[in-house]
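Engineer: First the structure, then my questions, so here it is.
We did not get these values from a lab; they are worked out from the coordinates using the rules stated. What you are looking at is a predicted structure, and each value in this text was computed from that prediction instead of being measured. Glycine gets a Cβ as well: all are built from the backbone with ideal geometry, and neighbour counts include every protein chain shown.
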Number of protein chains: 2
Amino acid sequence: MEENRDEYFMRQALFEAKEAYDRDEIPVGVVIVYKDRIIARGHNLTETLNDVTAHAEMQAITSAAGVLGGKYLIGCTVYVTLEPCIMCAGALGWSQISRIVYGAADDKRGFQKFAPKALHPKTEIQGGVLQEDCARLMQDFFRNKR
Amino acid sequence: MEENRDEYFMRQALFEAKEAYDRDEIPVGVVIVYKDRIIARGHNLTETLNDVTAHAEMQAITSAAGVLGGKYLIGCTVYVTLEPCIMCAGALGWSQISRIVYGAADDKRGFQKFAPKALHPKTEIQGGVLQEDCARLMQDFFRNKR
């Protein structure tokens, strides 16, 4: 059941990523889940907002904290279609979020290679959920850019 | 002259840090300078905004991009009273900012130890400007917290 629930929420993150794709943004999407409910959603808006900090995760962290009424996301899981970058991993580290589930790995920009200690020591990480769907969306995006 | 100019702008960042201090926020302040003019200022607001992403640098990056009308901060220098954390260094990396000048080092959370490749390869880094003033403000803050 755990795996199916993860896939369900990752599909929601993929919906968000497709929203980004349709806006000509690098297609990364996120949902944050607390007690089995989605409390925040987001997709990459760096071009639309002219702002390098407008990654999907950053927006969703801010939004989830607003919903919970506190800045720590203990008890929450973030589902993100791409392995977080250094910036987003640093933010997730400050948030003390309990679990990070990502789809596709990011060998060029992912935090696991460049900032492996960014997270809170108690945070669990799981990669590869709906990996192919998440990676294909990125590949389609960059193929159309060429 | 270069050193004096750096000290002048770091004093401006210190004014911002004192604003944070007066709000009972960890006292970190920032200014971003382009062509010898301050185009963005910010101080830590994580408690006030209930948001771990509300570091001084993050706000100032967003603000400076708005002033310049583009998301890249090439040609800009950021003056920050404390060595940036992993999150902020990741954001500064995405921004391709040309120069980072900081005051006090942060051995526990600073990016140079935990994410040394966070920045754009062309970004210059200089630490230690008004280091004592910057560090003293932090020490005063945490002493009062005990």
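Engineer: In whole angstrom, how far apart do the alpha carbon centroids of segment B:63-119 and segment A:3-49 sit?
Structural biologist: About 27 Å separates the Cα centre of segment B:63-119 from the one of segment A:3-49.
Engineer: If you don't mind, there's one more thing I want to ask. Using Cα pairs closer than 8 Å and at least 6 residues apart in sequence, work out the relative contact order for segment A:6-146, in percent.
Structural biologist: Numbers: 297 pairs, mean separation 30.2, N = 141.
Computed value for segment A:6-146: 21 percent relative contact order.
Engineer: Quick one: if you stick a label point 7 Å off each Cα along the C-beta vector at A:Asp36 and A:Glu124, how many nm between them?
Structural biologist: Spacing of the two 7 Å Cα→Cβ label points: 1.6 nm.
Engineer: At a Cα cut-off below 17 Å, give the aspartates and glutamates reachable from A:Lys71, other chains included and same-chain residues fewer than 8 away excluded.
Structural biologist: Counting by Cα, and skipping residues close in sequence, A:Lys71 has these aspartates and glutamates nearby: A:Glu57, B:Asp24, B:Glu25, B:Glu47, B:Asp51.
Engineer: Follow-up question, since we're still on this one. I'd like to know how segment B:1-96 sits against the 2.2 N^0.38 Å rule of thumb: what's its Cα Rg over that expected value?
Structural biologist: Working: Rg = 12.6 Å, N = 96, 2.2 N^0.38 = 12.5 Å.
That ratio works out to 1.01.
Engineer: Of all GluC sites (Glu not before Pro) in segment A:14-85, which ones are in loop regions per DSSP and have a Cβ with at most 16 other Cβ atoms within 10 Å?
Structural biologist: Working: sites: A:Glu16, A:Glu19, A:Glu25, A:Glu47, A:Glu57; in loops: A:Glu25, A:Glu47.
Taking segment A:14-85 and a limit of 16 other Cβ atoms within 10 Å, the loop GluC sites (Glu not before Pro) found are A:Glu47.
Engineer: Do the sum for chain B: with -39,500 (n - 2.57) for every DSSP H run of n ≥ 4, divided by all residues, what is the mean residue ellipticity at 222 nm, to the nearest 500 deg cm²/dmol? Write out the running numbers ahead of the final one.
Structural biologist: On the way: 5 runs with 63 residues, N = 146.
Value at 222 nm, helices only, nearest 500: -13500 deg cm²/dmol.
Engineer: Over the protein assembly as shown, what number does the Rg to Rh ratio reach, with both radii from the alpha-carbon atoms and Rh per Kirkwood? If you can, show how the numbers build up before the last one.
Structural biologist: Working: Rg = 18.9 Å, Rh = 19.2 Å.
Ratio of gyration radius to Kirkwood radius: 0.98.
Engineer: Here is a further query. Could you pull out every residue, at least 5 positions away or on a different chain, whose amide H is within less than 5 Å of the one on A:Val28? Hs are placed 1.01 Å off N in the peptide plane, and Pro or chain starts have none.
Structural biologist: HN-HN under 5 Å from A:Val28: A:Asn44.
Engineer: Please identify the trypsin sites (Lys or Arg not before Pro) of segment B:91-133 that satisfy two criteria: DSSP loop assignment and at most 13 other Cβ atoms within 10 Å. Which are they?
Structural biologist: Those satisfying the criteria are B:Lys108, B:Lys117, B:Lys122.
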